[in-house]
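The values are calculated or read from the model by the stated rules, or taken from the named source; none is laboratory data. Because the structure is a prediction, the values reported are computed rather than measured. Note: ideal-geometry Cβ built from the backbone for every residue, glycine included; neighbour counts use all protein chains shown.
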Amino acid sequence: MPIRPLPPLLINQIAAGEVIERPASVVKELVENAIDAGARMIDIDSEDGGTACIRVADDGAGIPPEELVLALSPHATSKLATSEDLEAIATMGFRGEALASIASVSRTMLFSCRAETGIGATIDVEGGSLGEAQPAAGSPGTTVTVRNLFFNTPARRKFLKTLRTETGRITQVIRSMALAHPDVAFTYRSDGVRRFHAPSGQSHAQRIYSVLGKDLVDELLPVSLEQGDLRLRGMAGTPDIARATSRHQHLILNGRSISDRGLGHALREAYRGLIDPRRYPTVVLYIEMDPALVDVNVHPTKAEVRFRHQDQLYRAVLHGVRDALQEADLTPVFALQTSGTGRISEPVAVEFSRGIPGRGGYAGGDSKSPRGFNYREVSGALDMDLASLREEPASGPFAVREVQGVMQVHATYLVMQDEEGLVIIDQHALHERVMFEKLMQRIGDGPLESQRFLSPLVLDVDPLQVEAARELESLLDSLGIELAVLGPRSVGLHSFPTLLIERRVDPGTFIQELLDRGSSGLAKDREDALHVVIDMMACKAAIKAGDRLQQAELEELLAMRSTIERSSSCPHGRPTSLKLTIEDLDRKFGRT
Ligand code: ADP
Ligand code: MG
């Protein structure tokens with residue numbers, strides 16, 4: 001093929017390939033434009049996950065009729081004039097390609113009325129070919145209607161997920177935008193049903209509560225830090241409300257919601273030792289800084305940015321959040337004790353950030369205690385249970401017999417011998433494995449036993465979790481979890497499996513996490529979903545690292561070990577046990 005210039009439609013479609021990945025990207029671009037136009041009120045509607053129709057209406061400054069065609073043309077913008085402007089971008093948009101891109105892959109209608117003149121006009125574009133601007137009446141502001149997205153780019157359409165997932169992504173975009181702009185009112189309806197609303201003129205704190213849910217008021221700690229031109233504020237969630245996904249982590253830089261690996265790491269670091277490292281803290285952080293110190297022109301959708309002083313910002317986020325956590329007195333007290341050999345009765349206070357040993361204290365975020373951290377597990381982790389050894393001295397120090405001769409080390413590992421040598425078992429991993437297998441077998445015989453609550457436990461959830469509740473309803477029923485959707489933001493729990501209640505698993509926390517996972521597309525089919533849920537049950541109900549076991553419990557656990565197939569790895573694929581053979585030992589000690 002000879003070289004030839006690309007036709008304009010193709011250029012726009014290629015640009016759309018970068019910027020417009022799915023319906024939620026259209027919503028993001030249109031809402032950004034509304035914000036740039038100074039809107040106080042933004043109304044968003046979608047049909048069929050945004051594939052049939054997306055409409056964003058604002059009450060901003062509007063576009064004069066004679067500029068409508070330009071607004072839809074590529075590389076035409078009112079936000080930048082010179083390259084100096086690019087050095088310090090203060091608007092959400094600046095590339096001048098969103099409307100042109102969207103219009104090239106859909107049937108778009110743009111209506112706008114200048115607030116100043118009251119003159120309105122409308123223009124239609126179908127797959128990039130522009131009609132003529134026609135006078136039209138309407139209230140001041142702009143309404144963009146995007147129908148049949150990707151009708152002329154079937155490849156892109158194929159990549160879309162279920163309509164429900166796409167609706168979920170739109171909701172997620174709107175929640176982030178709403179957090180970023182607390183002064184602006186947002187309303188989102190999907191298929192005519194209102195899914196999100198936040199009134200105008202809210203403070204940062206009010207907006208955070210509106211978006212994350214008022215029930216979290218007690219769980220959110222204020223963050224505030226100023227360093228020269230840099231200002232950080234927002235809220236950091238207690239370890240109790242850490243989540244299985246990062247959906248509740250929001251970094252907002254000068255009004256723009258961003259994702260940044262470095263800062264994500266700073267957050268993880270701030271919570272080190274407080275939450276399971278596989279979970280994500282709930283955090284909303286507003287970062288305000290000189291726009292000249294960040295480059296937002298590095299990513300087509302501006303989701304990632306580059307900071308001039310990345311290190312300084314990293315430290316500010318780490319310290320800002322960590323200080324908030326420390327002020328809230330989340331610092332645990334370690335009680336060092338050794339059973340049998342007398343006690344060190346003085347509790348030793350150890351500062352959190354430095355004090356937690358590796359992993360002993362994690363044990364999942366669901367253990368309830370003041371401020372959600374299980375102090376007992378921390379002390380347990382330092383606690384070597386010598387008593388169980390002493391109970392069985394009968395056969396001499398080296399004749400450690402199976403079961404009776406098991407030593408629990410650091411309340412985490414079980415050490416014993418078998419015919420071949422030495423076996424080290426991770427007590428949590430083994431118990432989890434055992435529970436998983438038992439539950440899978442048990443499920444074959446009918447629904448799990450459950451306990452009904454006298455009145456349902458009402459849980460505040462977000463709309464995505466509500467979707468997940470609907471989707472998982474019949475599956476959960478068979479597991480003894482009866483959930484009913486009560487409204488767009490609440491579900492009622494009517495029953496909960498006896499097994500989990502006996503293992504003191506908190507129903508509210510469990511369901512929250514389950515729906516959280518469900519809302520981020522937990523599984524591809526029912527079978528898969530069943531595995532995920534049972535896996536979660538097994539993990540929560542299993543004894544934890546740090547739990548001291550009675551002799552009888554040890555025996556039971558080890559007896560189950562031999563009856564369970566594949567017991568050498570836990571459901572997450574981590575090993576449940578390690579073995580050192582006598583030959584290994586001989587070699588290590590230079591006996592051979
Ligand atoms: P950009 O936002 O990068 O400038 P867009 O293609 O998104 O590029 O928009 C092009 C231009 O159309 C904007 O610069 C702005 O002048 C105008 N425009 C788009 N949407 C709106 C709106 N909702 N209200 C007022 N003007 C708008
Ligand atoms: Mg724009």
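Details
- Hits in the range 16-37 - residues which are of a type outside the set (Lys, Arg), in contact with a helix residue (DSSP H, G or I) (Cβ under 6 Å, 6 or more places away or on another chain) and more than 10 Å from ligand 1 (Cβ to nearest atom): 16, 20, 23, 24, 26, 27
- Number of positions in the range 147-165 that are charged (D, E, K, R) and more than 19 Å from residue 525 (Cβ to Cβ): 4
- Residue satisfying all of: in the range 206-257; of a type in the set (Lys, Arg) and within 23 Å of residue 308 (Cα to Cα); surrounded by the most Cβ atoms within 10 Å (Cβ to Cβ) among these: 256
- Qualifying residue in the range 88-101 (condition: among the charged types (D, E, K, R), over 20 Å from residue 257 (Cβ atoms) and surrounded by fewer than 23 Cβ atoms within 10 Å (Cβ to Cβ)): no
- Evaluation of residue 93 against (1) within 12 Å of ligand 1 (Cβ to nearest atom); (2) more than 17 Å from residue 39 (Cβ to Cβ) (one fails), failing number: (2)
- Residue match in the range 44-52 (condition: out of contact with any helix residue (DSSP H, G or I) (no Cβ under 9 Å at 6 or more places or on another chain), without any contact (Cβ under 8 Å) to a residue 24 or more places away in the chain and more than 7 Å from ligand 1 (Cβ to nearest atom)): no
- Residue 103 meets all of the listed conditions (1) of a type in the set (A, V, I, L, M, F, W, C); (2) in contact with a Ser or Thr (Cβ under 8 Å, 6 or more places away or on another chain); (3) under 23 Å from residue 163 (Cα atoms) but one, namely (2).
- Against the test of being surrounded by 18 or more Cβ atoms within 10 Å (Cβ to Cβ), modelled with pLDDT under 90 and among the polar types (S, T, N, Q), the options 519, 495 yield a single qualifying residue, 519.
- Selection of the range 67-85 for residues being buried (at least 16 other Cβ atoms within 10 Å of the Cβ) and more than 9 Å from ligand 1 (Cβ to nearest atom) yields only 69.
- Set 267, 225: member being assigned to a strand (DSSP E or B) and not assigned by TED's automatic domain parsing to the domain that holds residue 179: 225
- Residues (in contact (Cβ under 8 Å) with a residue 24 or more places away in the chain, surrounded by fewer than 15 Cβ atoms within 10 Å (Cβ to Cβ) and within 16 Å of ligand 2 (Cβ to nearest atom)) located in the range 1-39: 18
- Residues (within 15 Å of ligand 2 (Cβ to nearest atom), farther than 15 Å from residue 18 by Cα and either of a type in the set (Val, Ile, Thr) or at pLDDT 95 or above (or both)) located in the range 73-109: 77, 89, 91, 108
- Selected residue (only one of 518, 508, 480 is in contact with an Asp or Glu (Cβ under 7 Å, 6 or more places away or on another chain), assigned to a helix (DSSP H, G or I) and farther than 30 Å from residue 414 by Cα): 518
- Residue within the range 110-120 that is within 16 Å of ligand 2 (Cβ to nearest atom) and closer than 17 Å to residue 57 by Cβ present: yes
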